Structure formats: structure tokens, C-alpha cells
Amino acid sequence: LCGVDENLGRVLDFLDSNDLEKDTLIIYTSDHGYFLGEHGWYDKRFMYEPAIRIPLVARYPRLGTAGHVAEEMVMNIDIAPTILELAGLPVPGTVQGRSLVPLLQRRRVAWRTEFFYEHPFRHPRIPMTEGVRGLRWKYVRYTSLDPVVEELYDLKSDPREEKNLAKDRRFTERLVEQRSKWQQWRERAK
């Protein structure tokens, strides 16, 4: 990690010393998080927050904002539209993401409130998984298990996902609602 930090510093120093920093978009992120014992797991292939929440830091001084922490749900699919917009190029209609420029400018815009997750690969110890992550609720479905296993989490009251509400009768209506959202997303993704 120190090597990454050092070399990022070298890139930033080069941009600054060559008066290029104002016209250079820097995006620093990762492709996934990693379990370090949370939920008793290691690796990255489960839909729990430690694996799906990743840092994304962007710097583009030309926009005139600094130090802003956006709360919106951004994804790696938003990077390409951002680069295209800042380069003055059209974003193809087939691109799923959205430009982050409005968020970088601190503008209030309608933004995604949920996303579809899938781990469709066969693995000897990790079941195939699909689900929907919303602002408050998360629905997880292990599609390769028989019988199918479902999980439901209230991220507001249980941000560490320690209490699966899927079998709690008090949340049956919420489970049905979230399962329906999953089915709709699944249909769109296929």
C-alpha cells in the first residue's frame, strides 16, 4: 500500500509542478472491498457491506470544489460517463452509469437509490448470489442453493448486517417487497 501512496504522490507532484493539475481528473478507487473476518469470512464474493462498499476519491480542480463528501450511491459504472462528459464527448445510450459531474459540483440531482448485485460464478465454497441494495434495505438471494436462502437487512438499524430479518414474520411484507424488486432488477439485467 505504501508503494501505491508514494506513486500517487509522485503523479500529483508531477501534475502540480507542470501546471497540469487544473485540467486533470484524478479518480482513485478500488474494484471491491475485502473481508478480514467480518461475518466469519475472508475474500470478497459476498454481498455484505465490507465487500461492496469501496472508496472513490475524485479530484478535478477546474470544477472549483474541494473537500466534498457525497452521500449518493455511486458505482464504478459511473466513471466512464464522468470522463466522457469532462472530455466533452457524448455518453453512448448503452452506458449504464451516470456522470458524477453534478455530484462533484455539489448540485442536487435525482440519483439512484438502489442497485442490483450478482455473483454469478461457480465457486467450490461460495454460492452464486443476487440481490438488491437500497438506501435502507438489502435483499440477498443465494441462487445456487437448494432450497434457496434469502437474507433481509435493515441497514438503518443494523448497519453491520448482524440480524437477518428474512424469517422474522414481522418483516414478511418487506421481504415480499424486496423480493419483487429483485425479480424486476433480474429481468432488466438479463
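Between residue 73 and residue 85, what is the label-point separation in nm under the 7 Å Cα-to-beta-carbon projection?
Placing both labels 7 Å beyond Cα along the Cβ direction yields 1.9 nm.
State the percentage of accessible surface on the stretch 56-115 attributable to carbon and sulfur atoms; use a 1.4 Å probe and exclude ligands, DNA and RNA.
55
Would you work out the relative contact order for the stretch 86-190, in percent, from Cα pairs under 8 angstrom that are 6 or more residues apart? Mind dumping the intermediate values first?
On the way: 122 pairs, mean separation 17.2, N = 105.
Rounded, it is 16 percent for the stretch 86-190.
Taking the Cα centre of the chain as origin, sum charge times position over the Cβ atoms of Lys and Arg (+1) and Asp and Glu (-1), and report the length of that vector in debye to the nearest 20. Before the final figure, lay out each step's value.
Numbers: 30 positive and 29 negative charges, 160 e Å.
With Lys and Arg at +1 and Asp and Glu at -1, about 760 debye.
Along the charge dipole of the chain, which of 92, 189, 77 sits closest to the positive end, that is, farthest toward it, with unit charges on the beta carbon of Lys, Arg, Asp and Glu (+1, +1, -1, -1)?
189
Sorting check: for 66-77, 152-163, which peptide has the highest mean count of neighbouring beta carbons within 10 Å, and how do the rest follow? If you can, show how the numbers build up before the last one.
Details: 66-77: 11.8, 152-163: 14.5.
The packing order, highest mean first, is 152-163, 66-77.
If contacts are Cα pairs under 8 angstrom and at least 6 residues apart, what is the relative contact order of the chain in percent?
RCO, the chain: 13 percent.
In square nanometres and to one decimal, what's the mean projected area of the convex hull around the Cα atoms of the stretch 151-190? Write down the numbers at each step before the final one.
Numbers: hull surface 12.8 nm².
Result: a mean projected hull area of 3.2 nm².
Label points 7 Å out from Cα along the Cβ direction at residue 112 and residue 164: separation in nm?
2.6
So what's the back-of-envelope 222 nm ellipticity for the chain, counting only DSSP H runs of four-plus at -39500 (n - 2.57) apiece and dividing by all residues, rounded to 500? Don't jump to the answer; show the numbers that get you there.
Working: 5 runs with 50 residues, N = 190.
Calculated mean residue ellipticity at 222 nm is -7500 deg cm²/dmol.
Compute the distance in nm between two label points, each set 7 Å from the Cα along the Cα-to-Cβ direction, one at residue 22 and one at residue 157.
Those two pseudo-labels are separated by 5.3 nm.
Normalised by the empirical 2.2 N^0.38 Å for globular proteins, what value does the Cα Rg of the chain take? Before the final figure, lay out each step's value.
On the way: Rg = 19.4 Å, N = 190, 2.2 N^0.38 = 16.2 Å.
The chain yields a ratio of 1.20.
Report the FRET efficiency, 1/(1 + (r/R0)^6), for residue 177 and residue 59, where r is their Cβ-Cβ distance and R0 is 41 Å, rounded to 0.05. Please list the in-between numbers first.
On the way: r = 39 Å, r/R0 = 0.96.
Computed FRET efficiency for residue 177 and residue 59: 0.55.
Rg (Å, one decimal) plus Dmax (Å, integer) for the alpha carbons of the stretch 90-190?
Gyration radius and largest Cα-Cα distance of the stretch 90-190: 16.0, 49 Å.
The values are calculated or read from the model by the stated rules, or taken from the named source; none is laboratory data. Small disclaimer: the values here were computed from a predicted structure and weren't measured. When we count neighbours, we look across all protein chains shown, and the Cβ atoms used for this are built from the backbone with ideal geometry, even at glycine. Only protein heavy atoms, including side chains, enter the accessible area calculation; ligands, DNA and RNA are left aside. Shrake-Rupley method; radii C 1.70, N 1.55, O 1.52, S 1.80 Å.
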